[in-house]
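One structure is given below, encoded as structure tokens.
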Amino acid sequence: MNMSVAREHFEPAGAWAAQGRQPRIAIIGAGFSGIGALIKLRKQGYTDLTCFEKAEKIGGTWRDNHYPGLSCDVPSHFYSYSFEPNPDWTHRFSYGPEIWAYMNKVADKYEVKRDIHLNCGVTDLKYLGPQWQLTTEHGDVEIFDLVIAATGVLVNPAYPAIKGLYSFAGLQWHSARWRDDVSLQGKRVGIIGTGSTACQIVGAIAGEVAHLDVFQRTPHWLNAMPQKKYSATWRFMLRWVPGLQLAIRNFMRWLMEYTFARATLGDEKQQQRVQDACEAFLQEQVPDPELRARLTPDYKATCKRMIMCSDYYPALQQDNVALITDRIAEIVPEGVKTADDKVHELDVLLLATGFKVSDFILPTRVTGENGLELAEFWRDAPRAHRALTFPGFPNFFMLEGPTGVFGNTSLIDISEHQIACVIAIIDRMKQEGVAVVAPKQEAYEAYNRAMSRDIGKSTWATGGCDSWYLDATGTPNIYPWLPQRYREDMLNPDFSEYRFEQLPVAVS
Ligand code: NAP
């Protein structure tokens, strides 16, 4: 695929829409969003599609994460593509391998794997007006009319800045780089972190290890995960009763958003209901007042992402499990040394310390108009127009981009709505012979001003906690209104917010 590209080669070909030809579309990333984009674009008649995937398999989060206990706390019938409902989900909340298998099955059914280049990371994207020059890690260079980044949010592991981290003499790995080749049976294991990931891991491995030390920096609010195995009769009904799956999907969506989105976005009664439920759950699950006190957060529920996990508290109370709340002083070859000078000796140290959430497509170098670098554009904090486009980066879209709807909801549902918006924009380019589309600077600024004004009312901002939702400026980098509003905006884009140009712009 090595192509040497001369400027003359693509300049006249730039205005795909004016020439009545198919746009060449690059999609970066083959997780749920990228595969959804491939399917929906093809269905809309856009066939010149190339997807670049840096890994050897498709799957995104559900490929990278395969730790014990991995499941999704969004109900299965909502955590699926709307166009591919699955009556065969075995549980109300699906386990990781089943989700990954579903994604593969959908990709096979719609024959999109032929469009995907595996082991092909994109290192560089350069806007040459009106096209993009894409360079892969192999040094191949290709030209595309449109680029859709579907690279995800929770992608790059965050390694904690703890003194001596790499001095540990035993085995150590991040939750998103799970070592399937190492058995934890009978080992002394430590885990740093008590977020959604750690809770699932602790619940799954506590019965297997000799001893487990759980290092908690901050307690998190938890609620039960009302897991349920679906019966064969139920699955039969889902398959054959018209409208039943859709009704369940819509109900689950309403329930998630009614419960969590409202609680976070200023509905104080709903926040109190969630708070009460978490407190009651802790009280009921942890009878020992001393342990309960150590597990009680001093901030509001829904400030950090709500954790739904039923086996974490029981696991913590097993004889072979200890909750360590002393501050970690350093990692030493034998294990973890806490501020009380005690060394917790370990064979394996697990890092469930989350992700670098400000990266998005970075470290891929993205250069827009007039040499503007995306990393520079995001210098203070990553921002976007409607979590999808960027002024100065024409013909470039990012699914699940900054300030997206990242709360307790289905990211598949959100990215499907974004894809609908991208398609509406491309359709308009096609109808009107448009070569360049980008959000107007003033529209981007007005949108971000409105967001900054309203995000301050959410419990992400007022709840009194630190979380991965906060960016370097301390502002929640997340959508401040109800998800329903976002979906409506995506389905009815306001084209006056975008600059549509019919002629190629000058090259920088
Ligand atoms: P996370 O929520 O960011 O939690 C990271 C944990 O590591 C926190 O407990 C944090 O403590 C701790 N930590 C980080 N640096 C530390 C340090 N230097 N010293 C001590 N502790 C440190 O990450 P996550 O659990 O991987 O979850 C990330 C997101 O993934 C979730 O919020 C969710 O959106 C998604 N997820 C979803 C599911 C699901 O069921 N759908 C499952 C897993 C993950 P502090 O709290 O003190 O910062």
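Figures for the structure shown
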item	result
Those residues of the stretch 156-179 which are under 23 Å from ALA339 (Cα atoms), within 14 Å of the ligand (Cβ to nearest atom) and touching an Asp or Glu at 6+ places or on another chain (Cβ under 6 Å), in sequence order	LYS163, GLY164
Residue list for the stretch 91-145, restricted to those being crowded, with 17+ Cβ neighbours inside 10 Å, closer than 21 Å to GLY45 by Cα and either of a type in the set (D, E, K, R) or touching a Pro at 6+ places or on another chain (Cβ under 6 Å) (or both)	ASP115, ASP145
Residue list for the stretch 52-70, restricted to those being among the charged types (D, E, K, R) and away from the ligand (no atom under 16 Å from the Cβ)	GLU53, LYS54, GLU56, LYS57
THR389 vs. criteria over 29 Å from SER167 (Cα atoms), open to solvent by 10 Å² or more (accessible area, probe 1.4 Å), more than 14 Å from the ligand (Cβ to nearest atom) and among the hydroxyl-bearing types (Ser, Thr, Tyr)	no
Output for the stretch 87-113, where each listed residue is in contact (Cβ under 8 Å) with a residue 60 or more places away in the chain and not in a loop (DSSP other than H, G, I, E, B)	HIS91, MET103, VAL106, ALA107
The one condition in (1) in contact (Cβ under 8 Å) with a residue 40 or more places away in the chain; (2) within 21 Å of the chain's Cα centre (by Cα); (3) surrounded by fewer than 16 Cβ atoms within 10 Å (Cβ to Cβ) that ARG485 fails to fulfil	(1)
Cβ-Cβ under 6 Å pairs, at least 6 apart or on other chains, the stretch 375-401 side assigned by TED's automatic domain parsing to the domain that holds PRO439 and within 17 Å of ALA438 (Cβ to Cβ), far side part of a helix (DSSP H, G or I) and open to solvent by less than 10 Å² (accessible area, probe 1.4 Å)	LEU388/GLN418; PHE397/VAL422; LEU399/SER415; LEU399/GLN418
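The values are calculated or read from the model by the stated rules, or taken from the named source; none is laboratory data. None of these values were measured; they are calculated from a predicted model. As a convention, Cβ positions derive from the backbone with ideal geometry for all residues, glycine included, and neighbour counts pool all protein chains shown. Ligands, DNA and RNA are excluded from the accessible area calculation, which covers all protein heavy atoms including side chains. Shrake-Rupley method; radii C 1.70, N 1.55, O 1.52, S 1.80 Å.
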